[in-house]
């Protein structure tokens, strides 16, 4: 691990100033700390966001569930508000990593990192969430740009995520057994405007599947999802699974998510 300066700001204003000055934000640290230990990252300064109470908490505001960026996965999974309004999101949070990861990892850190196999990006994209930062609000459809890449500017901090409450939602995840990341994860959200389906773990970042969305908007049933041919084009092929295997998993996980959403 390289030498660096450590700051623990007590306010969002102080954290924003540090980030704009080049400090690397530290949220849950589930990606950053291993990177530091392996000397894959060498920031000159870290700004630990854990001391900023304004960045934590879950509330219902009208037809939205608003979650502070520093809210831990375990707190999202246990939240009565989230369970009642968006049970698929609570279930997703409860299946991230292991207990230690869920106790430390944060929703803001996950979305800022945008790992191509992370779970939260699929929920944000499928639910049409809004990522709130210290500078602006970004629609999920405009936020995810590819592998570990987002619309965030240098020095911009996520402060909260606003999730519209859907009619139904569920998350189907096929875990990579060692890492517990999604080999393929599918989040399905039924809304008044139609169905949105977002897939993680399949390729170079989270993406929506228009064919599945159209079929499920017409008939929200597992059978409708099963009738959609999922192409392997553009999907990842590696030592864990071929592109064809992942394409099959997309269909299977979508069917399971729809069945779960229907109860």
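I'd like the per residue volume of the convex hull spanned by the Cα atoms of the range 47-98, given in cubic angstrom.
Values: hull volume 4.2 nm³, N = 52.
Output value, Cα hull per residue: 81 Å³.
Which of the peptides 193-199, 133-139, 86-92 is most tightly packed, and how do the rest follow, judged by the mean count of other Cβ atoms within 10 Å per residue? It would help to have the intermediate numbers written out before the result.
Details: 193-199: 22.3, 133-139: 14.9, 86-92: 23.9.
Taking the mean over residues of other Cβ atoms within 10 Å, the ranking is 86-92, 193-199, 133-139.
Using a Förster distance of 41 angstrom, determine the FRET efficiency expected from the C-beta separation of residue 217 and residue 100, and round it to 0.05. Let's see the in-between values first.
Details: r = 39 Å, r/R0 = 0.96.
Computed FRET efficiency for residue 217 and residue 100 comes out at 0.55.
Sort the chain into rounded, prolate or oblate with this rule: let a ≥ b ≥ c be the square roots of the eigenvalues of the Cα gyration tensor; rounded if a/c is under 1.5, and if a/c is not under 1.5, prolate when a/b is larger than b/c, oblate otherwise.
Details: a/c = 2.05, a/b = 1.50, b/c = 1.37.
Verdict is prolate for the chain.
Take the alpha carbon atoms of the range 221-263, find their center, do the same for the range 8-23, and report the distance between the two centers in whole angstrom.
42 Å
How fast does the range 52-164 diffuse by Stokes-Einstein, in µm²/s, taking the Kirkwood radius from C-alpha pairs at 25 °C and 0.890 mPa s? Mind showing how you got there, number by number?
Numbers: Rh = 13.8 Å.
Translational D for this selection: 178 µm²/s.
Which shape class applies to the range 155-263: rounded if a/c is under 1.5, otherwise prolate when a/b exceeds b/c and oblate if not, where a ≥ b ≥ c are the square roots of the Cα gyration tensor eigenvalues? Each step should come with its number before you reach the end.
Numbers: a/c = 1.72, a/b = 1.09, b/c = 1.58.
In terms of gyration-tensor shape, oblate.
Taking the highest mean first, how do the peptides 153-162, 67-76, 211-220, 251-260 order by number of other beta carbon atoms within 10 angstrom per residue? Don't jump to the answer; show the numbers that get you there.
Values: 153-162: 19.5, 67-76: 23.7, 211-220: 17.8, 251-260: 21.9.
Final packing ranking: 67-76, 251-260, 153-162, 211-220.
Bear in mind these aren't lab numbers, they're just calculated from the coordinates by the rules spelled out. Nothing here was measured: the structure is a model prediction, and the numbers come from that model. Backbone-built Cβ (ideal geometry, glycine too); neighbour counts: all protein chains shown.
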